[in-house]
Structure formats: C-alpha cells, structure tokens
Amino acid sequence: MIGEDANGARNETHAAENVDAPRRSDRVRVVLLDDADRLLLFSLRDETDGSTRWFTPGGGVEPGETHRKAAVRELREETGLTDVILGPELWRGRPWNTVRDGVTYEVHQRYFVARVPAFTIDTSGFEALELSAITGHRWWTLAELAATTDLLRPAGLAELLRTLLVDGPPSRPITVDG
C-alpha cells in the first residue's frame, strides 16, 4: 500500500504489517497571508524522486486541544508568531493514510486562515522531525504559485488561494485533496 503524508511524501507498507484499523490523526494547517497577500509555505525534498513539496504551516492536534488552539500553537512553534488572530476554517482535507514507525494513521486536516503583517520567520521552535525534514520556507505570491512546477499542498492551492482572495472565506469549509 502506498500513501502520501501531509507534505506529499510517499510512504509504502505491506498489508500484513497493518492488520489493525488506521489510527485517526487530527491535524491543522494555517493559510498564513501577509499584508501583500503572499502565502507562507514550508518545503521538503522528496529523496525518492528529488521533487520539492510546499505546504502550509501546521501539525498535529494534541490530546485535549481544540483545532483552533492547535493552529495557534503550531504557528508559534513554526514561525515564532505569538499573537495571531485566527480567522475562519476554510478547507477540510479529504482523509488519507500515512505510515509512521509501522503504524497506519488516517489523517484528517483542517485549514484555517490568518492575516499578519510581513515578518521574519523564526523556526527555532521546530521539533526534531521538522528540523530533519523541512528544507526551507518562503512567502509566495499568487502568480508564483500558479507558475511553479513544484508540488503544492493542498492540491490546487493556487486556485484555492485565488478564490479566497477574490471571494473571501467560504461560508462552510470546502473539501480539498491533501
């Protein structure tokens, strides 16, 4: 079985290794826009094919934590922001499976929006896994997103962002891939 993790990296396992039902993994992502409508994305390099994948800041929801609190905490850990006012939930990722340490997880992601003035990213709060996997970060314009050949998560990110910037947040979260 081949799955893809939140960052688009492929994971492979065999059915015999995963006789238990997948464990649910709730995750949050933040569509972080600066005052010039640029979107912050982090990158990782897929060593299997050499491709670069870009994704929004975020991570796992800890036990007893709401999705909104997890999103604010993840922003603090990954960017250094401490006073973010989180906007509405925009999107919900279609569930997908990933395997870590022989355990299969069914990942459920929620995407929130936040607007901030441009600032310098502080990644000193990265956890060990982030330090080993994330290869960079940058602010992207809509035109740059539309032109890149790199893999973006969620799928269709340039069009999703264009719709958000033109129409504003949806009245209900939209289902997205990735």
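The values are calculated or read from the model by the stated rules, or taken from the named source; none is laboratory data. Just so you know, these numbers come straight off a predicted model, no measurement behind them. Here the Cβ positions follow ideal geometry from the backbone for every residue, glycine too, while neighbour counts run over all protein chains shown. These area figures cover heavy atoms from the full protein model, side chains too; ligands, DNA and RNA do not enter into them. Shrake-Rupley method; radii C 1.70, N 1.55, O 1.52, S 1.80 Å.
So here's what we get for this one:
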| quantity | calculated |
| --- | --- |
| Count - residues of the stretch 77-92 that are farther than 14 Å from PRO173 by Cβ and open to solvent by 50 Å² or more (accessible area, probe 1.4 Å) | 3 |
| Single residue of the stretch 152-178 satisfying the filter (touching a Phe, Trp or Tyr at 6+ places or on another chain (Cβ under 6 Å) and closer than 25 Å to PHE119 by Cα) that is surrounded by the most Cβ atoms within 10 Å (Cβ to Cβ) | LEU152 |
| Residue that is modelled with the highest pLDDT, among those in the stretch 77-117 that are part of a strand (DSSP E or B), touching an Asp or Glu at 6+ places or on another chain (Cβ under 7 Å) and of a type in the set (A, V, I, L, M, F, W, C) | PHE112 |
| Matching strands (runs of 3 or more DSSP E) fully within the stretch 14-76 where at least 3 residues are open to solvent by 40 Å² or more (accessible area, probe 1.4 Å) and touching a residue at least 24 places away in the same chain (Cβ under 8 Å) | 23-33 |
| Residue within the stretch 136-151 that is open to solvent by 50 Å² or more (accessible area, probe 1.4 Å), closer than 22 Å to ARG76 by Cβ and more than 16 Å from the chain's Cα centre (by Cα) present | no |
| Identity of the residue in the stretch 93-119, among the basic types (Lys, Arg) and surrounded by fewer than 16 Cβ atoms within 10 Å (Cβ to Cβ), that ends up nearest to GLU77 (Cα to Cα) | ARG115 |
| Test: residue in the stretch 120-133 that is among the β-branched types (Val, Ile, Thr) and open to solvent by 60 Å² or more (accessible area, probe 1.4 Å) | yes |
| Yes/no for LEU145 being modelled with pLDDT of 95 or more and under 22 Å from ARG45 (Cβ atoms) | yes |
| The stretch 93-105 residues that are over 11 Å from PRO22 (Cβ atoms), paired with ones that are open to solvent by 70 Å² or more (accessible area, probe 1.4 Å) (beta carbon under 9 Å, 6 or more apart) | GLY93/THR175; GLY93/ASP177; ARG94/THR175; ARG94/ASP177; GLY102/GLU17 |
